[in-house]
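A short worksheet on the structure shown next.
The values are calculated or read from the model by the stated rules, or taken from the named source; none is laboratory data. What you are looking at is a predicted structure, and each value in this text was computed from that prediction instead of being measured. With ideal geometry, Cβ positions are generated from the backbone for all residues, glycine too; neighbour counts draw on all protein chains shown. These accessible areas exclude ligands, DNA and RNA; they are computed on the full protein's heavy atoms, side chains included. Shrake-Rupley method; radii C 1.70, N 1.55, O 1.52, S 1.80 Å.
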Amino acid sequence: MERIGRVSRRGFLLGAGAAAIGTSALGYGQGDAMRRIAPNRASEAFDPDVELELICKRDETSILTGRPTRVWRYAGHLVKGPANALTASPDAYLGPLLRFSKGQKVRIRLRNELPEETITHWHGLHVPMLMDGHPTAAIDPGETYVYEFDIRNRAGMYFYHPHTHEKTATQVYRGLAGAIIVEDEEERALALPSGAFEIPLVIQDRSFDDDNQLAYGDDMPTRMFGFYGDRALVNGRCNLTLDVASRPYRLRILNGSNARIYKLCWDDRTPLTVIGVDGGLLEKAETRAYVMLAPAERVDLIVDFTGRPQGSKLTMLSGEFYGLLPPMAQRMMGSDLAMGEAFPLFVARVTETSSDSWKAPEKLSTIRRFREADVANLDNPIPIAITMAHMAMLLNGRPYGHDDIQPCERIPVDSTQLIEIFYERAGMGMGMGMGMGMGMGMMGGGGMMRGRMGGMGMGRGMGRGMGMMGMMSMAHPIHLHGQQFEIVERSFAGDEDAYATIGEGFIDSGLKDTVLVAPGERLRIVKRFGDFKGRFMYHCHNLEHEDAGMMREFSVE
Ligand code: C2O
Ligand code: CU
Ligand code: CU
């Protein structure tokens, strides 16, 4: 993978050929060395319904025309269980689609054939700490880690990806990611569009060098704001076109990008019919003009092509928005695709007629809501403050440290907790000197000023007299490991004009494990910490932020 400078991605590339990346992040040995646990082994007492092997390895695949692209990927095969438990994606780098049923016992043997340590996390699955892909469980090249767990989750789409200490962003970027679908009886009873009519879609952005190799912005703006690629890939492909029949489909979309936030909408303004989010089905379908999808969030859509003539097309776009990334960041980053600029994601083309139908029932599912009486700390919510110090985004003012559990991070097992996520306005932690330096650097690179971004930003923010903090504030997708949570309150105080471009796009009615928090927002969520004691992470799912330490742990005890 090439390292690229921030000056221009269209122009010259820095860095030497296929040289290893990752020198940017604090070295592994710097600061606190991460203790390691021994790789978990298979237990004789565990009798799996599904057993599979996943190998993390180097490979190459055709993405652009011409030279294939070197990637890292999950290759898998099924050892035991129903054939649909594992579906390879042979023509893309994405890992195989895994399909489990609630109640199944699953064993996964993860083998590391990469040139560096790794560990895999099953995002959204409620599993014990040892099975959660904690960074302390990382395995070296040549080693195998055996996961064994029960599927306790309700039906939904989940996500597997590396969770390696300070290497999550680069490992995911190189291609290590895949989707998991969990089914259950409640969902089966709905007879939702399935088989060829249920399409999982993983959206990721990437940049390529002139040799068709993945390019990564291994530079300060990327570490601060996240990586933003020049092209959006869907299921590992550019310009994906789905051939569809004139009937209802279920599109299950996962944002597998490192940092980019999408605003999903159809090009002809057909509203989106949302039936589910991160933690499965909503109680009722919701209709929205657009849906915001931040890294690691999932959305489950029904799209009905009934009545559309053969040959007609419907394009899923990421629509225009602003306010989620400071304008100065947009200017500093080399991406040819600014965040918030409109661009197409994929096309659905009607190539067949069909008279099949499916209509969402009045009630899709039952979500067990928390009652106030269930909540252990109604008057004393656990804070997750989005803070900044020394140019780094942090949570509660502290970087990640494995043995750095604070009093508010100790949680009794089997309790239900109220958590408040907010931006800490006080304390100009970043320091004026640094801020000025950055500003000057940005101004100095006159070539980086892009016409299309000129209008949207600096003037706006500065004109309103926002301080450095305001200028630096950006959205963060906050993710909590373990059980999904309920969003009980979302309030906003800030730039109303910017907010008007995103505010209708949050689906807060379902169960979530990742939530986009826009600058100026304050959220209250209620989450259960059931069943398993141990250390469970919570972090920003902007993967560059996560690697830079915007991650903490709850100690469930
Ligand atoms: Cu999807 Cu801790 O991550
Ligand atoms: Cu997770
Ligand atoms: Cu973040």
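Couple of notes before you dig in:
- For the condition over 18 Å from residue 279 (Cβ atoms) and within 16 Å of ligand 2 (Cβ to nearest atom), residue 168 qualifies.
- Subset of region 86-125 (residues that are assigned to a strand (DSSP E or B), open to solvent by less than 60 Å² (accessible area, probe 1.4 Å) and charged (D, E, K, R)): 99, 107
- Test: residue 165 is in contact with a helix residue (DSSP H, G or I) (Cβ under 9 Å, 6 or more places away or on another chain), open to solvent by 20 Å² or more (accessible area, probe 1.4 Å) and within 13 Å of ligand 1 (Cβ to nearest atom): yes
- Subset tally (residues that are open to solvent by less than 30 Å² (accessible area, probe 1.4 Å), more than 23 Å from residue 244 (Cβ to Cβ) and assigned to a loop (DSSP other than H, G, I, E, B)) for region 324-366: 11
- For region 129-152, a tally of residues being open to solvent by 10 Å² or more (accessible area, probe 1.4 Å) and within 14 Å of ligand 2 (Cβ to nearest atom) returns 2.
- Residue in region 281-290 that is buried (at least 24 other Cβ atoms within 10 Å of the Cβ), outside the structural domain of residue 158 (by TED's automatic domain parsing) and at pLDDT 95 or above present: yes
- For region 111-119, the criterion of being more than 26 Å from residue 227 (Cα to Cα) and either within 16 Å of ligand 1 (Cβ to nearest atom) or not assigned by TED's automatic domain parsing to the domain that holds residue 38 (or both) is met by no residue.
Matching residues to (1) at positive phi; (2) open to solvent by 20 Å² or more (accessible area, probe 1.4 Å); (3) among the hydroxyl-bearing types (Ser, Thr, Tyr); (4) in a loop (DSSP other than H, G, I, E, B):
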position	(1), (2), (3), (4)
508	no, yes, no, yes
515	no, no, no, no
522	no, yes, no, no
527	no, no, no, no
532	no, yes, no, yes
535	no, yes, no, no
539	no, no, no, no
546	no, no, no, no
553	no, no, no, no
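- Verdict on residue 366 being outside the structural domain of residue 227 (by TED's automatic domain parsing) and under 30 Å from residue 34 (Cα atoms): no
- For region 368-398, a residue qualifies if it is over 30 Å from residue 544 (Cα atoms), open to solvent by less than 30 Å² (accessible area, probe 1.4 Å) and not in a loop (DSSP other than H, G, I, E, B), and exactly one does: 375.
- Test: residue in region 246-254 that is more than 28 Å from residue 306 (Cβ to Cβ), more than 16 Å from ligand 1 (Cβ to nearest atom) and either surrounded by fewer than 24 Cβ atoms within 10 Å (Cβ to Cβ) or not assigned by TED's automatic domain parsing to the domain that holds residue 82 (or both): no
- Counting only residues that are over 16 Å from the mean Cα position of the chain (by Cα) and within 16 Å of ligand 2 (Cβ to nearest atom), region 486-528 holds 3 of them.
- Of all residues in region 302-313, none that is within 21 Å of residue 361 (Cβ to Cβ) and touching a residue at least 60 places away in the same chain (Cβ under 8 Å) has its Cβ atom under 6 Å from the Cβ atom of a residue that is hydrophobic (A, V, I, L, M, F, W, C) and not in a strand (DSSP E or B), 6 or more apart or on another chain.
- Residues of region 219-244 that are among the aliphatic types (A, V, I, L, M), modelled with pLDDT under 95 and more than 19 Å from the chain's Cα centre (by Cα): 220 alone.
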